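Have a look at the structure below, then the notes.
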Amino acid sequence: MTWVRTKLELERMAAGEALVVRCRPGEALENVPRSARDAGHRVAVEGTTVRIVRA
Amino acid sequence: MSNSRRGFLRELASVVTAAKDAIEQPVVPDLTDAEVERYSRQLVLPEWGAAAQLALTEASVLVIGAGALGSPVGLYLAGAGVGRIGIVDDDAVELSNLHRQLLHFTPDLGTPKSESAAAKLRFLNPDVVIEPYQVRVAAANAPALVEGQDLVVDCSDSFATRYAVNAACCAARVPVVEAGVLGMAGMVMSIKPGRTACYRCAFPTAPADAPRCADAGVLGPAAGVIGSLQAMEALKLLTGVAPAIADGFLQVDLATAEFLRVRAARREDCPDCSPL
């Protein structure tokens, strides 16, 4: 569900804007960066914080 | 952490304009938490999203026929979150319906199909407004039924009804998804009145000796496939996430597993859509 919510938030943002997502360790922390990269966004992960720049 | 990664994070931090905690806060005020969860498997599709979901929520769709085609259509449209669904059928549930009409169960025998279907769809998705109409669609009442709808899905089982629905939808400029199924084959066609070929453009006259389902038979999964294709077309027309099967139809032969796209053009002399 974390990626679904992240995707919906990204839809509301302009290209180049950044979104910071704090993920629980485990599935969400694995899925969110991977799905964001697959969708073409720039992604950086530091600990449980995922920073996504909207494509 | 490498220097390059630190640099990237600093760069990102400088342009952050939105920061949301995806765990603790709802981030899409237009969709409730329950809606996000219920529709999550379609919301997550690259082609889908909040805009498509809200388009469905605001849509009013009339499903004509609550039988073999209307069952999967009703189930998928209610499941997907279409806001208002009208179900039109004047028949009652019969034992011979149950092998292919998935919305009706043995305890429903004798119940009006529109009521039986509405009850199941309300269980499936209580957020959808379901309106049953126990009437037979004909040329006389079709215009009033389709008026104000965003889309009509014609799941009827006769040429006469399809022509009546097509004419009414063309006159009201309401998009319609037509379909038919018999034996192990069927067809599906989306129509945008005034813009693409209508049902009568593709089929100007009904065949003189068209067999009926009761005589020729139909396999349940064949109706399920055609009805599912109709539901898919409906979702495409309502949201615009993919092009519909327009200006022609999809002919499906499930005995040979062949899908054939057949082109059809608007006819200048079409009595239904040429005035548009």
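The values are calculated or read from the model by the stated rules, or taken from the named source; none is laboratory data. Note that the structure is predicted; figures quoted are calculated from it, not measured. No Cβ is skipped: glycine too gets one built from the backbone with ideal geometry, and neighbour counts run over all protein chains shown. These accessible areas exclude ligands, DNA and RNA; they are computed on the full protein's heavy atoms, side chains included. Shrake-Rupley method; radii C 1.70, N 1.55, O 1.52, S 1.80 Å.
Which of the helices (runs of 4 or more DSSP H) found entirely inside segment B:14-76 contain at least 3 residues meeting this: in contact with a helix residue (DSSP H, G or I) (Cβ under 7 Å, 6 or more places away or on another chain) and modelled with pLDDT of 95 or more?
Answer list for segment B:14-76: B:40-43, B:50-57.
Sort out which residues of segment B:181-222 are open to solvent by 30 Å² or more (accessible area, probe 1.4 Å), of a type in the set (A, V, I, L, M) and either farther than 21 Å from B:D269 by Cβ or in contact (Cβ under 8 Å) with a residue 12 or more places away in the chain (or both), and write them in order of number. Steps first, answer last, please.
Of segment B:181-222, the ones open to solvent by 30 Å² or more (accessible area, probe 1.4 Å) are B:181-182, B:184-185, B:192, B:195, B:200, B:203-216, B:219, B:221.
Retained after the next criterion (residues that are of a type in the set (A, V, I, L, M)): B:181-182, B:184-185, B:206, B:208, B:210, B:214, B:216, B:219.
Hits for segment B:181-222 are B:V181, B:L182, B:M184, B:A185, B:A206, B:A210, B:A214, B:A216, B:L219.
Of everything in segment B:140-160, what is over 16 Å from B:E178 (Cβ atoms) and in contact (Cβ under 8 Å) with a residue 24 or more places away in the chain? Give them in sequence order. So that I can check it myself, show each step before the final result.
Going through segment B:140-160, the residues over 16 Å from B:E178 (Cβ atoms) turn out to be B:140-141, B:143-144, B:147-148, B:150.
Those that are over 16 Å from B:E178 (Cβ atoms) and in contact (Cβ under 8 Å) with a residue 24 or more places away in the chain: B:P143, B:E147, B:G148, B:D150.
Would you check which residues across segment B:89-118 are part of a helix (DSSP H, G or I) and within 15 Å of B:V63 (Cα to Cα) and list them?
First pass over segment B:89-118, keeping only residues part of a helix (DSSP H, G or I): B:95-97, B:106-108, B:113-118.
B:K113, B:S114, B:E115, B:S116, B:A117, B:A118, listed by residue number.
Would you confirm whether or not segment B:125-136 contains a residue that is open to solvent by less than 10 Å² (accessible area, probe 1.4 Å), in contact with a Phe, Trp or Tyr (Cβ under 9 Å, 6 or more places away or on another chain) and either part of a helix (DSSP H, G or I) or not hydroxyl-bearing (S, T, Y) (or both)?
Checked against the condition, which is being open to solvent by less than 10 Å² (accessible area, probe 1.4 Å), in contact with a Phe, Trp or Tyr (Cβ under 9 Å, 6 or more places away or on another chain) and either part of a helix (DSSP H, G or I) or not hydroxyl-bearing (S, T, Y) (or both), segment B:125-136 yields no hits at all.
When you go through A:A39, A:A44 one by one, which is the residue that is touching a Pro at 6+ places or on another chain (Cβ under 9 Å), within 7 Å of chain B (Cβ to nearest Cβ) and within 21 Å of B:Q53 (Cα to Cα)? Steps first, answer last, please.
On the way: A:A44 fails: within 21 Å of B:Q53 (Cα to Cα).
On inspection, the qualifying residue turns out to be A:A39.
For segment B:76-100, enumerate the residues that are closer than 30 Å to B:A34 by Cα and without any contact (Cβ under 8 Å) to a residue 60 or more places away in the chain.
Filtering segment B:76-100 for residues closer than 30 Å to B:A34 by Cα gives B:76-88.
B:A78, B:G79, B:G81, B:G83, B:R84, B:I85, B:I87, B:V88 - these are the residues of segment B:76-100 that are closer than 30 Å to B:A34 by Cα and without any contact (Cβ under 8 Å) to a residue 60 or more places away in the chain.
Restricting segment A:1-27 to residues that are of a type in the set (A, V, I, L, M, F, W, C) and open to solvent by less than 20 Å² (accessible area, probe 1.4 Å), which is farthest from the other protein chains (Cβ to nearest Cβ)? Steps first, please.
From segment A:1-27, those of a type in the set (A, V, I, L, M, F, W, C) are A:1, A:3-4, A:8, A:10, A:13-15, A:18-21, A:23; that's our starting set.
Filter again for open to solvent by less than 20 Å² (accessible area, probe 1.4 Å), leaving A:4, A:8, A:10, A:13, A:18-19, A:21, A:23.
Details: A:V4: 5, A:L8: 4, A:L10: 9, A:M13: 6, A:A18: 5, A:L19: 6, A:V21: 5, A:C23: 7 Å.
Across segment A:1-27, the extreme among qualifying residues is A:L10.
Anything in segment B:261-274 that is touching a Leu at 6+ places or on another chain (Cβ under 8 Å) and open to solvent by 90 Å² or more (accessible area, probe 1.4 Å)? List them, or say none. Lay out the reasoning, then the answer.
Going residue by residue through segment B:261-274, those that are touching a Leu at 6+ places or on another chain (Cβ under 8 Å) are B:261-262.
B:R261 - this is the single residue of segment B:261-274 that is touching a Leu at 6+ places or on another chain (Cβ under 8 Å) and open to solvent by 90 Å² or more (accessible area, probe 1.4 Å).
Tell me, yes or no, whether segment B:208-226 has at least one residue that is closer than 18 Å to B:L62 by Cβ and part of a helix (DSSP H, G or I).
Of all residues in segment B:208-226, those closer than 18 Å to B:L62 by Cβ come to none.
No, that holds for no residue.
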